[in-house]
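The values are calculated or read from the model by the stated rules, or taken from the named source; none is laboratory data. All of these numbers come straight from a predicted model, not from anything done at the bench. Because the Cβ atoms are built from the backbone with ideal geometry, glycine has one as well, and the counts that use them run over all protein chains shown. Side chains included, ligands, DNA and RNA excluded: accessible areas come from the protein's heavy atoms. Shrake-Rupley method; radii C 1.70, N 1.55, O 1.52, S 1.80 Å.
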Amino acid sequence: MALTGDYKLISTEDMLQGHAELCIHAYGFVKSMALKCAIELGIPGAIHGNGGGASLGELATIIALPLSRLPRLRRLMRVLTVSGVFSVEHQQPDDSVGCAVAVYGLTSASRLLVGDGETSSGLSSLVSLMVDPNLTAPFSGMSAWFMDDEQPRSFFEMHHGEDMWDMAAREAALSRTIGDGMTDDSRFVVEVILREGRARDVFSGVRSMVDVGGGTGTIAKAIAAAFPHVECSVLDLPHVVAEAPADGEVRFIAGDMFDHIPPADAVLLKSVMHDWRDDECVKILRRCKEAIPTREAGGKVIIINMVVGSEKSKGNSTKKEEAQALYDLFLMAFEGGEREEHEWEKIFLEAGFSGYNIIPALGIRSIIEVYP
Ligand SMILES: C[S@@+](CC[C@H](N)C(=O)[O-])C[C@H]1O[C@@H](n2cnc3c(N)ncnc32)[C@H](O)[C@@H]1O
């Protein structure tokens with residue numbers, strides 16, 4: 001058989017290394033689905049509940065797995081340990097099989113998937129949102145969308161025939177999946193904000209805040225609890241506000257951020273701007289500017305999103321850069337995207353703001369204070 005293309009130009013070692021790398025890239029979806037499966041089976045919680053370590057047999061008992069599936073569970077755990085989701089803590093003797101067996105543990109990633117058993121699922125619902133079939137299926141059509149600019153503006157819309165917000169308004173299950181995922185994310189972000197002094201400082205002088213696109217109010221409630229001097233409200237679409245628990249902790253307002261934003265010292269936009277095109281962000285920011293007082297009187301917009309490239313010079317930057325690039329392409333399915341600093345600056349100026357300050361205190365994300 002004749003070798004074609006560049007095969008003959010590279011060494012056998014490079015060919016075989018390249019083949020392994022291609023398998024890893026092409027089977028990236030297997031990793032995502034293995035992670036989804038582990039969450040659905042409750043494996044992170046099972047390991048945590050077993051004192052932080054569990055053998056295959058112990059896991060099978062805790063999650064009530066049919067015995068016939070046990071050998072397959074080993075293969076699932078192999079993928080999840082080589083990819084760093086779980087670890088092999090140590091080997092322990094197991095009389096039932098007559099040899100030592102692996103005891104699986106949690107890593108810094110899977111520790112975040114353990115909830116409190118009551119109100120919080122850790123980041124499990126967020127990961128479930130990221131791998132939801134409604135969101136992943138449109139990626140199969142990405143190349144067709146790239147090559148045909150007569151197609152709808154996003155490949156989500158090309159696949160589903162409507163954009164994600166219209167679909168979520170129609171399908172309660174999708175709306176819940178988005179809401180639960182974003183609630184996890186908000187809890188996580190608030191936890192980091194409250195731990196990090198320079199992030200806490202952003203809220204210290206604020207007397208009133210409206211969380212625009214604030215979902216069911218997780219961040220607003222946490223900010224109101226941590227900073228009792230801040231009067232918090234949430235603006236979101238009517239079908240989202242209708243689902244919000246009316247417990248009186250914060251005020252909910254049903255509305256459209258493109259039409260009107262209620263007045264406050266500060267407007268918070270967390271994980272909102274990356275869903276919209278530049279011209280749409282300019283419109284949202286103009287509504288924000290109408291809602292807040294002057295900079296001298298304490299007016300500001302607080303954006304929580306990525307500033308792509310801001311992590312380049314720091315340690316462990318490769319993982320952060322990869323996470324930022326993946327997030328950005330994921331958002332392209334919905335016509336969204338992450339921005340570099342010069343892209344942010346352009347929309348701030350166009351919306352009539354005078355300055356901004358980036359606080360890179362949230363890992364792959366930053367807090368951006370934008371001043372009128
Ligand atoms: C990605 S979610 C972010 C939710 C929340 N800020 C968080 O980080 O947990 C985007 C939110 O924007 C809301 N949204 C979308 N279009 C909107 C509009 N025109 N006016 C107000 N809210 C809107 C959605 O309903 C959703 O709650």
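Points worth noting:
- Backbone HN-Hα couplings from phi across region 218-228 [Karplus 6.51/-1.76/1.60, Hz, Gly and Pro as x]: 4, 5, 4, 5, 5, 5, 4, 6, 7, 10, x
- Computed on protein heavy atoms with a 1.4 Å probe, the accessible areas place D94, D149 in the order D149, D94, largest first.
- Excluding exposed DSSP-loop chymotrypsin sites (Phe, Trp or Tyr not before Pro) (at most 15 other C-beta within 10 Å), longest clean stretch of the chain: 28-257
- Residues with amide H under 5 Å from that of V308, placed H, sequence gap 5 or more: R339, E340, E341
- 3J(HN,Hα) from dihedral phi, region 147-161, Karplus parametrisation 6.51/-1.76/1.60, rounded to Hz, x for glycine, proline: 8, 9, 7, 7, 5, x, 6, 9, 7, 4, 5, 4, 6, 9, x
- With 5 Å bins from 0: P(r) over region 13-113, alpha-carbon pairs, percent: 2, 12, 22, 24, 16, 10, 7, 4, 1
- Over the chain, the hull volume per residue, using the convex hull of the C-alpha atoms, is 201 Å³.
- Taking T318, T119, T177 in turn, the Gaussian network model of the chain (Cα-Cα springs below 10 Å) assigns the largest fluctuation to T119.
- Mean separation of Cα contacts under 8 Å, 6 or more apart, over the residue count of the chain: relative contact order %: 11
- Between R286 and I253, the FRET efficiency from the beta-carbon distance, with R0 = 22 Å, is close to 0.75.
- Taking 0.36 nm per residue of sequence separation and removing the Cα-Cα distance, the D278/A26 pair yields an extension gain of 87.5 nm.
- For region 175-315, the extents of the C-alpha atoms along the principal axes are 44, 33, 31 Å, listed from largest to smallest.
- Computed over the chain, the per-residue total of -39500 (n - 2.57) for DSSP H runs of n ≥ 4 gives a 222 nm mean residue ellipticity of -13500 deg cm²/dmol, rounded to 500.
- Using the Cβ-Cβ distance between E340 and Q91 with R0 set to 35 Å, the FRET efficiency from 1/(1 + (r/R0)^6) comes to roughly 0.15.
- In this structure the amide hydrogen of G255, modeled in the peptide plane, comes within under 5 Å of the amide hydrogens of D236, L237, none closer than 5 places in sequence on its chain.
- Rolling a 1.4 Å probe over the protein chains gives R69 an accessible area of about 130 Å².
- A probe of 1.4 angstrom, applied to the heavy atoms of all protein chains, finds K283 with accessible area near 100 square angstrom.
- Only Lys, Arg, Asp and Glu carry charge here, each on its Cβ (+1 for the first two, -1 for the last two); on that basis region 13-113 has a dipole of about 340 debye about its Cα centre.
- Toward the positive end of the charge dipole of the chain, with +1 on the Cβ of Lys and Arg and -1 on the Cβ of Asp and Glu, the farthest Cα among H342, G217, P93 is that of P93.
- Taking all protein chains together and a 1.4 Å probe, the residues R277, R72, R365 rank R72, R277, R365 from largest to smallest accessible area.
- Residue by residue, region 65-74 carries 3J(HN,Hα) couplings of 7, x, 4, 4, 8, 3, x, 6, 4, 4 Hz when phi is fed to the Karplus relation 6.51 cos²θ - 1.76 cosθ + 1.60 (θ = phi - 60°); x denotes Gly or Pro.
- Lysine pairs with alpha-carbon atoms under 27 Å apart, region 228-372, spacing 8 or more or separate chains: 17
- Only Lys, Arg, Asp and Glu carry charge here, each on its Cβ (+1 for the first two, -1 for the last two); on that basis region 42-186 has a dipole of about 760 debye about its Cα centre.
- Taking GluC sites (Glu not before Pro) as exposed when their DSSP state is a loop state and no more than 11 other Cβ atoms lie within 10 Å, the longest site-free interval of the chain runs over 151-295.
- Rounded to the nearest 5, the antiparallel percentage of DSSP beta bridges internal to the chain is 55%.
- Apolar share of the accessible surface for the chain: 55 percent from carbon plus sulfur atoms, 1.4 Å probe.
- Accessible area (Å², per residue) of the chain, counting only protein heavy atoms and a probe of 1.4 Å: 52
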